[in-house]
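This report refers to the structure that appears directly beneath it.
Bear in mind these aren't lab numbers, they're just calculated from the coordinates by the rules spelled out. Treat the numbers as computed from the prediction; the structure is a model and nothing was measured. Using ideal geometry, Cβ is built from the backbone for each residue, glycine included, and neighbour counts are taken over all protein chains shown.
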Amino acid sequence: MIRTQILGLGSYVPDRVVTNSELPFLNDRHERQETQQSETNDEWIAKRTGIRERRYVPNDGSVATSDLALQAAKRAIADANLEPGEIDCIILGTLSPDIHFPGTAVFLQKKLGIADRNCACFDIRQQCSAFVYGLQMADAFIKTGMYKRVLLVGAELHSHSLDYSTRGRDVMVLFGDGAGAVVLGPQETDDPRAGVMYTAAHADGNGAMDLYLKIFDIAKAPYVDYDARDREQNQAKYPQMDGKRVFLNAVRGMVMSTQAALAKTGLSWDDIAWFVPHQANLRINEKVVEVAKIPADKVLNTIQFYGNTTAATVPLTIDYWRQQGKVKRGDRILASVFGSGFTWGAAIFTF
Ligand code: ACO
């Protein structure tokens, strides 16, 4: 029987660390100013979100989302002992694409030096749930023999599209830049628990406008009808969120998908080495752990120092804890995600 195996893992975060204390002093180009630009502070952010710091790219136009993806992808490909030319499919999850179209996966393909190779390129738009959605796609492609070496990347560049004024503080404090990637391939085995054992992806479009970033409205002509530099008119270019509704639905979606993953596979927490939840807010994860009765010593978080990197959080967190010596090859992981859409899901896989 063909099963999907994780062959390699890699991640990347930019060097610049932005602490909660520095954040209120940043302007819209995230340059530090003498005076406070937004009314927020370390105490509020740490208490309500668990976040202490996050990473930002430079603001000089030198780094795009595909560059973050490239660094993580190169590390994952090297970790799999492969060459970029052996990748025959790229699935890239992002809510911060380089440009509106074409998708960011083709820019990554070019930067990997494989633009002339036979490699399918998909962009997926499931925000914080992209890793589980992408894993489900990759698993189906590999099991059917459609592709043999799938590069699945989550990459986000949030720091250029946040509202650094008091108006945007509820969203602005949450997000950071970063990328994570895995390379997946087939494995011939009789073990039904090997590799990617389970994936489930869900959505509820009723929540679509509870967390969104509009930028334009294609139903209108002109489809961009505001002055992007006018502070009173420009809210369409910043993410908008009903934090409480997101919080409640995130807890519900992640608890339900985690419990379903165990029930449908017949596994218990004794069979799982690590629980890796999406990193949106530490309080969301603590609530999920409490309600779903997850052993606390199996939970991996990175939100404290990377913030929410949406599509990147799951591979970034696994790679971080691998580098710390906690996660080891062969460990079984249950990942649970929730994001804008609403979308959510869970996966069980052996790393
Ligand atoms: N600094 C200081 N004060 C703030 C900030 C801030 N950054 N943001 C909001 N406040 C104020 C509010 O204005 C409000 O003031 P008021 O009482 O005078 O009206 C007060 O703090 C309390 O605000 P609440 O919204 O009630 O605070 P809450 O405890 O709900 O926390 C938060 C807000 C952190 C946004 C929370 O709702 C949350 O985490 N929601 C989920 C958000 C999330 O995870 N989004 C992304 C997930 S999906 C994805 O990743 C794509």
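Report, in debye and to the nearest 20, how large the dipole of the stretch 2-188 comes out about its Cα centre when Lys and Arg carry +1 and Asp and Glu carry -1 on their Cβ. Mind showing how you got there, number by number?
On the way: 20 positive and 24 negative charges, 91 e Å.
For this selection, approximately 440 debye.
Using every pair of distinct Cα positions in the stretch 1-131, the Kirkwood expression returns a hydrodynamic radius of 17.2 angstrom.
Ratio of alpha-carbon Rg to the 2.2 N^0.38 Å globular estimate for the stretch 196-350, to two decimals, please. All intermediate terms of the calculation are to be shown ahead of the outcome.
Working: Rg = 17.9 Å, N = 155, 2.2 N^0.38 = 15.0 Å.
This ratio for the stretch 196-350 stands at 1.20.
For a straight C-alpha distance cut-off of 24 angstrom, the lysines reachable from Lys264 (same-chain residues fewer than eight places away being disregarded) are Lys143, Lys287, Lys293, Lys298.
Work out the length of the dipole vector of the chain about its Cα centre, built from +1 on the beta-carbon of each Lys and Arg and -1 on the beta-carbon of each Asp and Glu, and round it to the nearest 20 debye. Write out the running numbers ahead of the final one.
Values: 39 positive and 41 negative charges, 127 e Å.
So the magnitude is around 600 debye.
Full extension of the chain between Asn27 and Lys214 yields a length gain of 65.2 nm, computed as 0.36 nm times the residue separation minus the alpha carbon distance. Convex hull volume of the C-alpha atoms in the chain, normalised per residue: 137 Å³.
With both residues required to sit in the chain, DSSP beta bridges show an antiparallel share near 70%. Quick check: Cα centre of the stretch 296-345 to Cα centre of the stretch 44-101, how many Å? That distance is 15 Å. So which aspartates and glutamates pass the test for Lys244, namely a Cα distance under 17 Å, with those fewer than 8 places away in the same chain ruled out? The reachable aspartates and glutamates, counting only those whose Cα sits under 17 Å from Lys244, are Asp170, Asp204, Asp210, Glu286. Out of residues 5 or more away from Gly178 or on other chains, whose amide H comes under 5 Å of its own, with H placed 1.01 Å from N in the peptide plane? Excluding prolines and chain starts, which carry no amide H, the hits are Glu156, His158.
Of the residues Phe107, Trp44, Leu248, the one whose Cα sits farthest toward the positive end of the charge dipole of the chain, with +1 on the Cβ of Lys and Arg and -1 on the Cβ of Asp and Glu, is Leu248. A simple packing score, the average count of other Cβ atoms within 10 Å per residue, orders the peptides 297-306, 56-65, 92-101 as 92-101, 297-306, 56-65, with the highest score first. Of Met137, Ser62, Leu267, which is farthest along the charge dipole of the chain in the positive direction, counting Lys and Arg as +1 and Asp and Glu as -1 at C-beta? Farthest along the dipole direction, towards plus: Leu267. Using alpha carbons only, how many degrees (0 to 90, rounded to 10) separate the axis of helix 313-323 from the longest principal axis of the chain? Roughly 70 degrees, rounded to the nearest 10. Here the simple spin-label model places points 7 Å from the Cα toward Cβ, and for Trp44 and Asn81 these points are separated by 5.3 nm.
Which value at 222 nm does the chain reach when only helices count, each DSSP H run of 4 or more adding -39,500 (n - 2.57), with the total divided by all residues and rounded to the nearest 500 deg cm²/dmol?
On the way: 9 runs with 97 residues, N = 351.
After summing the helix terms and dividing by residue count, I get -8500 deg cm²/dmol.
Axis angle, to the nearest 10 degrees, between helix 282-291 and the longest C-alpha principal axis of the chain: 40 degrees.
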